[in-house]
Amino acid sequence: MILEYKNMPLIQPQPIPTRGKSIFRAIWIWMMHSRKWSVAEDWYFTINKENFVIPKGFIFDGASIPRIFWVLLNPIGLLLIPGLIHDYAYMFSKLRFDNGENGPHMSRSDCDMTFREVAIAVNGFRFINWFAWFMLFVFGGFAYRKHRRHSKGNGGP
C-alpha cells in the first residue's frame with residue numbers, strides 16, 4: 001500500500017468526562033478510556049493514488065486502547081494516522097473521496113485490513129501492526145456494531 005499526505009492532521013483534544021464522577025469512577029474512566037479527538041480542518045491523504053479527505057469536525061479516538069496498554073500501543077503515537085482513517089471507515093463503512101463523493105462500501109474486514117496496511121505504511125513495524133490488527137479482529141466487532149446501531153453523521157457522508 002502506498003500512503004501519502006502533505007501534513008499531519010490538525011486535531012484538538014476533547015475533554016475526558018471525569019468531572020462530576022466519584023473518584024473511583026473518574027480513575028476508571030481515565031485509565032480505561034481513550035481520549036477523543038476532533039479533526040480541526042479537513043485532512044487530505046492518498047492511498048494507492050486515490051485521493052481522500054477526513055472532514056473537519058470528525059471525532060475519533062485514534063485507537064480504542066485502554067491506557068494501561070499504551071506502553072505497547074499508544075493510540076496517538078504510531079497508530080494515530082491508521083486509527084484516524086480506520087475510525088472514519090468504521091463509522092461510515094466507507095472513505096470519502098477528496099471531491100466529496102463517497103468511496104465504495106467497506107466491510108468490517110476491509111476497514112481492519114486498511115488499518116493494518118496504513119499502519120505498516122506509516123511506521124513499518126510489521127509485528128506491532130499485525131498484533132494491533134489481531135486485537136481489532138478479536139475486539140473490534142464491539143465498536144463496529146455500535147457504529148451500525150448508532151449510525152450518526154459525525155462529520156461524515
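Computed quantities for the displayed model
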{"read-out": "Residue satisfying condition, being of a type outside the set (Ser, Thr, Tyr) and touching a helix residue (DSSP H, G or I) at 6+ places or on another chain (Cβ under 9 Å), within set Val71, Val39, Val53", "value": "Val39"}
{"read-out": "Qualifying position, being surrounded by 14 or more Cβ atoms within 10 Å (Cβ to Cβ), under 30 Å from Pro104 (Cβ atoms), β-branched (Val, Ile, Thr) and out of contact with any Phe, Trp or Tyr (no Cβ under 7 Å at 6 or more places or on another chain), among Ile81, Ile54, Ile2", "value": "Ile81"}
{"read-out": "Where a residue in segment 35-63 is without any contact (Cβ under 8 Å) to a residue 40 or more places away in the chain and its partner, wherever it lies, is β-branched (Val, Ile, Thr) and surrounded by fewer than 17 Cβ atoms within 10 Å (Cβ to Cβ), with Cβ under 6 Å and at least six apart", "value": "Lys36/Ile59; Ser38/Ile59"}
{"read-out": "Residue in segment 13-27 that is within 26 Å of Phe131 (Cα to Cα) and either in contact (Cβ under 8 Å) with a residue 12 or more places away in the chain or small (Gly, Ala, Ser) (or both) present", "value": "no"}
{"read-out": "Test: residue in segment 34-51 that is modelled with pLDDT of 95 or more, basic (Lys, Arg) and part of a loop (DSSP other than H, G, I, E, B)", "value": "yes"}
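Matching residues to (1) in contact with a strand residue (DSSP E or B) (Cβ under 8 Å, 6 or more places away or on another chain); (2) of a type in the set (Val, Ile, Thr); (3) farther than 18 Å from His147 by Cβ:
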| site | (1), (2), (3) |
| --- | --- |
| Asn48 | no, no, yes |
| Asn51 | yes, no, yes |
| Asn74 | no, no, yes |
| Gly77 | no, no, yes |
| Gly83 | yes, no, no |
| Ser93 | no, no, no |
| Phe97 | yes, no, yes |
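The values are calculated or read from the model by the stated rules, or taken from the named source; none is laboratory data. Because the structure is a prediction, the values reported are computed rather than measured. Ideal geometry is used to build each Cβ from the backbone, glycine not excepted, and the neighbour counts take in all protein chains shown.
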